[in-house]
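The next block holds one structure in the form of structure tokens; read it before the comments.
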Amino acid sequence: MNRIFNFGAGPSTIPLSVLEEAQKELVDYKGEGLSIMEASHRSKMYDEVHTEAMALTRELYSVPEDYDILFLQGGASLQFAMIPMNLSIGGKAQYVDSGSWSSKAIKEAKIQGIDYEIVASSKDTTYDRIPSDIKFDDNADYAYITSNNTIYGTEYHEFPTTKAPLIVDASSDIFSCPIDWSKVDMLFAGAQKNAGPSGLTIVIIKKELVARAGDKVPTMLKYKTHADKDSLFNTPPTFGIYMFNLILHWLKDNGGIEAIQEKNQTKAKLLYDAIDNSNGFYVGHATKESRSFMNVSYNIKNSDGENNSQLESKFAKEATEAGMIGLKGHRSIGGLRASIYNAMTLDGVQALVDFMQKFQKENS
Ligand SMILES: *Cc1c(COP(=O)(O)O)cnc(C)c1O
């Protein structure tokens, strides 16, 4: 077996033990004589997986009882539209624009024709930080943020406080650190970055918000439809939920959210230190205060401070040859990006840091 280190932003690396468990059970799930992906979503065999994944989400993430946990489809991107459809009630929706994913969410509010407003943005500085001057109106229908900006490598280290319901796109940092639920009313994520394969969207939402949607919202796009049926209104992505459940077990076996947060901090420090100690050869995109623990976006600079895109391409190519893939930055900002989600090992980050130091010696 030849497993490489996958630094891709998503779909992304999955713990080896989880893949092996799935492999072991793939053809004959626990002696039932069929695969979990062949089982009816109404069967007892599947129901146990479904119920366990919900219960473990609540337990590990300390989700209070007055929140529903929903397993949906359509990716995080469908949430951009479902949020204004379900939660706008004729007042104002307020957004923070901290990068491409927030911009896409804002675009859907515009398409819905609701009254929306951008209260803070870091666009002027190429989204290199979380805006510092965020002030939401307590009377807004909802307030919207993106907790981790996957492309630019910035992350909130504290959520803004508002009386308006706070909606958080946590697609790229869900389960990476504890959540203060007294500040958050809805949190959602596509599973494919930190919680398994693609196909599943996790939505954790306060029950009082679930009830908000008007009659004009299509059945499948209404949170209430799914909340009322424990996310079994129609066929859920059963195999994705099965994989998600295995990831949750892996998280629990490894000490839960606090333990993974500590591990994430250690990995991120190793990588940021390597960047900071490179005498300006590598330069991080994000300001230090806004640095992400999940996605580290950086450039290789010439001595005059300009990005050296040729060397960046060479870096990505040689890293691939050395068994480290997915390091090319997003097409919108170029440069390099290492995604170091929960499942990336310390060994993987150490291998990258060693490679960075060797590459610098050979190319400066
Ligand atoms: C990847 C990503 C999305 C889009 O997720 P899909 O599931 O592909 O729709 C949205 N928001 C953030 C922060 C992301 O990282």
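The table for this structure:
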| read-out | value |
| --- | --- |
| Selected residue [touching a residue at least 24 places away in the same chain (Cβ under 8 Å), surrounded by fewer than 17 Cβ atoms within 10 Å (Cβ to Cβ) and either within 16 Å of the ligand (Cβ to nearest atom) or not charged (D, E, K, R) (or both)] from 88, 62 | 62 |
| Failed item in (1) surrounded by 12 or more Cβ atoms within 10 Å (Cβ to Cβ); (2) closer than 25 Å to residue 221 by Cα, with residue 42 passing the rest | (1) |
| Meets criteria (in contact with a His (Cβ under 9 Å, 6 or more places away or on another chain) and either under 29 Å from residue 196 (Cβ atoms) or surrounded by fewer than 21 Cβ atoms within 10 Å (Cβ to Cβ) (or both)) for residue 77 | no |
| Every residue from region 2-55 that is more than 18 Å from residue 344 (Cβ to Cβ) and of a type in the set (A, V, I, L, M, F, W, C) | 22, 26, 27, 34, 36, 37, 39, 45, 49, 53, 54, 55 |
| Selection count, region 142-171, where residues are crowded, with 24+ Cβ neighbours inside 10 Å and more than 15 Å from the ligand (Cβ to nearest atom) | 2 |
| Residue match in region 136-143 (condition: touching a helix residue (DSSP H, G or I) at 6+ places or on another chain (Cβ under 9 Å) and closer than 29 Å to residue 208 by Cα) | yes |
| All strands (runs of 3 or more DSSP E) inside region 247-359 with 1 or more residues being closer than 30 Å to residue 22 by Cβ | 295-300, 336-339 |
| Residues that are hydroxyl-bearing (Ser, Thr, Tyr), surrounded by 18 or more Cβ atoms within 10 Å (Cβ to Cβ) and within 12 Å of the ligand (Cβ to nearest atom), drawn from region 189-228 | 201 |
| Criterion violated by residue 117 - all others in (1) away from the ligand (no atom under 16 Å from the Cβ); (2) in a helix (DSSP H, G or I) satisfied | (2) |
| Residues of region 65-85 classified as near the ligand (Cβ under 8 Å from one of its atoms), of a type in the set (Ser, Thr, Tyr) and closer than 21 Å to residue 183 by Cβ, total | 0 |
| Which numbered condition residue 231 fails, given (1) away from the ligand (no atom under 16 Å from the Cβ); (2) part of a loop (DSSP other than H, G, I, E, B); (3) closer than 23 Å to residue 291 by Cα | (3) |
| Complete set of residues in region 91-111 that are assigned to a helix (DSSP H, G or I), in contact with a strand residue (DSSP E or B) (Cβ under 9 Å, 6 or more places away or on another chain) and of a type outside the set (Ser, Thr, Tyr) | 101, 105, 106, 109, 110 |
| Some residue of region 50-59 being surrounded by 12 or more Cβ atoms within 10 Å (Cβ to Cβ) and among the basic types (Lys, Arg) | yes |
| Members of region 97-110 found to be surrounded by fewer than 23 Cβ atoms within 10 Å (Cβ to Cβ) and either more than 19 Å from residue 220 (Cα to Cα) or near the ligand (Cβ under 10 Å from one of its atoms) (or both), listed by number | 97, 100, 101, 103, 104, 106, 107, 110 |
| Evaluation of residue 1 against (1) exposed (fewer than 15 other Cβ atoms within 10 Å of the Cβ); (2) under 24 Å from residue 261 (Cβ atoms); (3) not assigned by TED's automatic domain parsing to the domain that holds residue 185 (one fails), failing number | (2) |
| One residue from 67, 61 being more than 15 Å from residue 243 (Cα to Cα), of a type in the set (Ser, Thr, Tyr) and within 18 Å of the chain's Cα centre (by Cα) | 61 |
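The values are calculated or read from the model by the stated rules, or taken from the named source; none is laboratory data. Just so it is clear, the structure is predicted and the values come from calculations on it, not from any experiment. With ideal geometry, Cβ positions are generated from the backbone for all residues, glycine too; neighbour counts draw on all protein chains shown.
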